[in-house]
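A.B. asks: Quick one: the structure is below, questions incoming.
Throughout, read-outs are computed from the coordinates displayed, never taken from laboratory work. Every value quoted in this text rests on a predicted model; they were computed, and no experiment measured them. Neighbour counts are summed over all protein chains in view; Cβ atoms, including those assigned to glycine, are modelled from backbone coordinates with ideal geometry.
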Amino acid sequence: INFGSSAIVSGPNVISTPLIKKEPSTFYYLNLEGVSVGNKTLEFKSSKTSPFDDASGDHGQAGNIIIDSGTTLTLLPNDFYSNLESTLVDSIHAIRKDDPSGTFHLCYESENGIINAPTIVTHLTNADLELSPMSMFAEIEKGLVCLTIVPTNEIAIFGNLHRKIS
């Protein structure tokens, strides 16, 4: 096994993005450049790039999202999440519903557990990752599917559901 610059990343549908070294070193950081919904790309900017940042963090700083296998959902900063949600709402023609648990912000009625949503791609450094529709909207109860991305006031976290590719 080789890591770093000695690693050979090959094979069908294999992509690679660098891990960013920064403090605290207990986390694995990536650089999220943007998210595309259909043909519209939203540039990602975060004022918080470390769990210990105050609100004056450097916009666009490398290592702006943590990848965490122990976090199920993806958490994105409130402002960016609002733009993403608005773009999705404009693109999805289904009946909106409230999540009874209050956890999820964007939910739709669905008879079969799926909805017709646009293609969503996360743009990481050197890697565009098309997210699986089944991982983007999960059926949280019969007849209700919700976006598996939620807003946060903290650093962005790329959750484990979104590591399944289409």
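A.B. asks: Rounded to the nearest 5, what % of DSSP beta bridges with both residues in the chain are antiparallel?
C.D. replies: Values: 27 of 34 bridges.
In the chain, approximately 80 percent of DSSP beta bridges are antiparallel ones.
A.B. asks: Between K40 and K142, what FRET efficiency follows from the Cβ-Cβ distance if R0 is 35 Å, with the result rounded to 0.05?
C.D. replies: Using R0 = 35 Å, I get an efficiency of 0.65.
A.B. asks: A further question follows. Starting from the Cα-Cα distance between N153 and L19, subtract it from 0.36 nm times their residue separation and give me the gain in nm to one decimal.
C.D. replies: Gain in length upon complete extension: 45.9 nm.
A.B. asks: So if a site counts as exposed when it's one of the trypsin sites (Lys or Arg not before Pro), its DSSP state isn't H, G, I, E or B, and it has at most 10 other Cβ atoms within 10 Å, what's the longest stretch of the chain without one?
C.D. replies: Excluding the exposed sites themselves, the longest stretch runs over 22-141.
A.B. asks: Right, next: Want the number for N116 to S69: 0.36 nm per residue separation, take away the alpha-carbon distance, what's left?
C.D. replies: Details: separation 47, 0.36 × 47 = 16.92 nm, distance 2.74 nm.
Between N116 and S69, full extension yields 14.2 nm more.
A.B. asks: Enumerate the calculated ³J(HN,Hα) couplings along the range 77-87 in order (Karplus 6.51 cos²θ - 1.76 cosθ + 1.60, θ = phi - 60°), each rounded to whole Hz, writing x wherever the residue is Gly or Pro.
C.D. replies: For the range 77-87, the Karplus-derived couplings read x, 3, 4, 5, 4, 4, 5, 5, 4, 4, 5 Hz, x marking Gly and Pro.
A.B. asks: Could you work out the Kirkwood radius for the range 13-163, taking every pair of different alpha carbons, averaging 1/r and inverting it, reported in Å?
C.D. replies: By the Kirkwood definition, the hydrodynamic radius is 15.9 Å.
A.B. asks: Let's see if you can work this out: charge +1 on each Lys and Arg Cβ, -1 on each Asp and Glu Cβ, no other charges. What is the dipole magnitude of the range 103-166 about its Cα centre, in debye to the nearest 20?
C.D. replies: Dipole of the range 103-166, to the nearest 20 debye: 160 debye.
A.B. asks: Related question: Can you list the residues, at least 5 places off or on another chain, whose amide H is less than 5 Å from the amide H of D68, using H built in the peptide plane?
C.D. replies: Under 5 Å from the amide H of D68: F158.
A.B. asks: Quick one: what are the phi-derived ³J(HN,Hα) couplings along the range 30-38, Karplus 6.51/-1.76/1.60 with θ = phi - 60°, whole Hz, x for glycine and proline?
C.D. replies: The phi angles translate into 10, 10, 8, 8, x, 9, 9, 10, x Hz.
A.B. asks: What does a probe at I95 reach in the range 128-166, counting residues whose amide N is under 17 Å from the point 7 Å along Cα→Cβ?
C.D. replies: Answer for the range 128-166: 140-146.
A.B. asks: Moving to a separate point now. 5 Å is the cut-off here: which amide hydrogens, built 1.01 Å from N in the peptide plane, fall below it relative to L144, excluding neighbours closer than 5 in sequence?
C.D. replies: Placed amide hydrogens put S110 under 5 Å from L144.
A.B. asks: Test of understanding: in a Gaussian network model of the chain with alpha carbons linked when under 10 Å, which of S69, S82, S101 would top the mean-square fluctuation ranking?
C.D. replies: S101
A.B. asks: Explain nothing, just compute: Karplus ³J(HN,Hα) = 6.51 cos²θ - 1.76 cosθ + 1.60, θ = phi - 60°, for every residue of the range 111-120 in order, whole Hz, x for Gly and Pro.
C.D. replies: For the range 111-120, the Karplus-derived couplings read 6, 10, x, 9, 9, 8, 10, x, 5, 10 Hz, x marking Gly and Pro.
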